[in-house]
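Quick notes on the structure that follows.
The values are calculated or read from the model by the stated rules, or taken from the named source; none is laboratory data. Everything quoted here is computed from the prediction, not taken from an experiment. Because the Cβ atoms are built from the backbone with ideal geometry, glycine has one as well, and the counts that use them run over all protein chains shown. Just the protein is used for accessible areas: all its heavy atoms, side chains included, with ligands, DNA and RNA removed. Shrake-Rupley method; radii C 1.70, N 1.55, O 1.52, S 1.80 Å.
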Amino acid sequence: PPEGGFALVAFRLRMRLSAAMQDTIPGQPGAFAAALMTGDRSGVTQATNEALRLSNLSHLISISGLHMGLLVGFVFAAVRYGLALVPPVALRIDTKKLAALVALGAAAFYLLLAGPNVATRRAFIMAAVMLLAVLADRRAISLRSLAIAALVVLFLEPESLVEPGFQMSFGATVALIVAFEPWQRIQHRVPKLLRPAAMLVLSSLAAGLATAPIAAAHFNRVAELGLLANLVAVPLMGALVMPAGVIAAVLAPLGLAWMPLRVMGIGADLILRVGAWVAGLEGSVSAVPAPPEGALALLAAAGFVLLVGRRFWLRVAA
């Protein structure tokens, strides 16, 4: 634990919340949920970690862009749409900007609670830049906002450029932004009931294709069934686990946190079951040889060329 000061206070709060969550949610689902919300991974067993790695779900247990994005998105939507239900308030203030401020505060608290590890700090910077764009009346989710976030991260931690976490998180985000540009033009052709499923498949496929070569180069293995696991687990994270965690935090002062925590435990248990099932399938993981030096640099250069001239390449393909 930290020696003293604010870091020690945050550490004690983190461990107290983690213990309370694991008391309410028994077993590995509780340890998994505590790791998601507080960053305390001490209760997660080696078997659980290995199953998550083999099923390509290990990113769920490390507080990073997915967690910060889900948290910020849920808080932003809850505040904005909640205020819209009160016309006297909604007509007098800019609810969008107020929601962005509240979401920024929630993200900052999440960062302090989970500890300033590299992945969490990087995720906070990305979320903060996008929320500040909302406050400045700029487009929040854009390549420009992402570029600013990358420059801030590299200014603070230039060594992160060669780390897999930086490469995979920004690579996945770029792929998602680029993939959803054409989706916005064609989504009206998809039946409304099928749009959420189509968006899920598109986002998982885009992020998976963008990060698979990077993961293979760094870890020398490919989780061939990772897309299947993520198609099931990520919606559970977004629909059950993270919203229930936020609601539990709001209800904790009233002594009612146990209700949403039970829901969170159900979602965490389902995710762990999915991970164990996919990890147990034959051929779930394949070993690959280490690439030659400079392979990732060439891959990044090719991605840059495709990104800058993406409209030209789309016209060529058409």
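Here is how the numbers come out for the structure above:
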{"quantity": "Size of electric dipole in the stretch 1-110: Cβ of Lys, Arg +1 and of Asp, Glu -1, about Cα centre, debye, nearest 20", "calculated": "340 debye"}
{"quantity": "Positive-end extreme of charge dipole, the chain - chosen from THR120, ALA216, VAL174 (charges on Cβ)", "calculated": "VAL174"}
{"quantity": "Linear extension gain, LEU251 paired with TYR81, 0.36 nm per residue minus alpha-carbon span", "calculated": "59.3 nm"}
{"quantity": "For the stretch 106-261, with +1 on Lys and Arg beta carbons and -1 on Asp and Glu, the positive-most of ALA106, LEU227, ALA198 along the dipole", "calculated": "ALA198"}
{"quantity": "Rounded accessible area per residue of the chain, 1.4 Å, Å²", "calculated": "55 Å²"}
{"quantity": "The stretch 191-293 shape via C-alpha gyration tensor axes, a/c threshold 1.5", "calculated": "prolate"}
{"quantity": "Of (1) -0.57, -0.75, -1.01; (2) -0.39, -0.62, -1.09; (3) -0.46, -0.68, -1.02, the label for log10 I(q)/I(0) by the Debye sum over Cα atoms at q = 0.08, 0.10, 0.13 Å⁻¹ derived from the coordinates", "calculated": "(2)"}
{"quantity": "Accessible-area ranking of TRP258, TRP183, TRP277, largest first, probe 1.4 Å", "calculated": "TRP277, TRP258, TRP183"}
{"quantity": "Area of ARG12 that stays accessible when all protein chains are in place (1.4 Å probe, Å², to 10)", "calculated": "140 Å²"}
{"quantity": "Residue-span extension gain [LEU161 to GLU50] - 0.36 nm each, minus C-alpha spacing", "calculated": "37.3 nm"}
{"quantity": "Contour minus Cα-Cα distance for ASP137 and ARG221 (0.36 nm per residue)", "calculated": "25.9 nm"}
{"quantity": "Electrostatic dipole magnitude of the chain [Cβ: Lys, Arg +1; Asp, Glu -1; Cα centre; debye, to 20]", "calculated": "1140 debye"}
{"quantity": "Helix-derived mean residue ellipticity, 222 nm - over the chain, DSSP H n ≥ 4, -39500 (n - 2.57), to 500", "calculated": "-23500 deg cm²/dmol"}
{"quantity": "Signed unit charges on C-beta, dipole axis of the stretch 12-115, positive-most listed residue PRO29, ALA51, ALA77", "calculated": "ALA77"}
{"quantity": "Charge dipole (debye, nearest 20) of the stretch 45-158; +1 at Cβ of Lys and Arg, -1 at Cβ of Asp and Glu", "calculated": "300 debye"}
{"quantity": "At least 24 Å along the helix axis (C-alpha) and Kyte average at least -1.0, DSSP helices within the chain", "calculated": "6-24, 65-84, 95-114, 118-135, 164-186, 195-219, 258-279"}
{"quantity": "Most fluctuating residue given options GLY171, GLY69, GLY82, as computed from a GNM of the chain linking Cα atoms under 10 Å", "calculated": "GLY82"}
{"quantity": "Heavy atoms of ASP94: accessible area, 1.4 Å probe, square angstrom to 10", "calculated": "80 Å²"}
{"quantity": "Order of exposure, largest accessible area first, which applies to ILE125, ILE266 with probe 1.4 Å", "calculated": "ILE266, ILE125"}
{"quantity": "Efficiency of FRET between MET15 and LEU299 - r from beta-carbon atoms, R0 41 angstrom, step 0.05", "calculated": "0.50"}
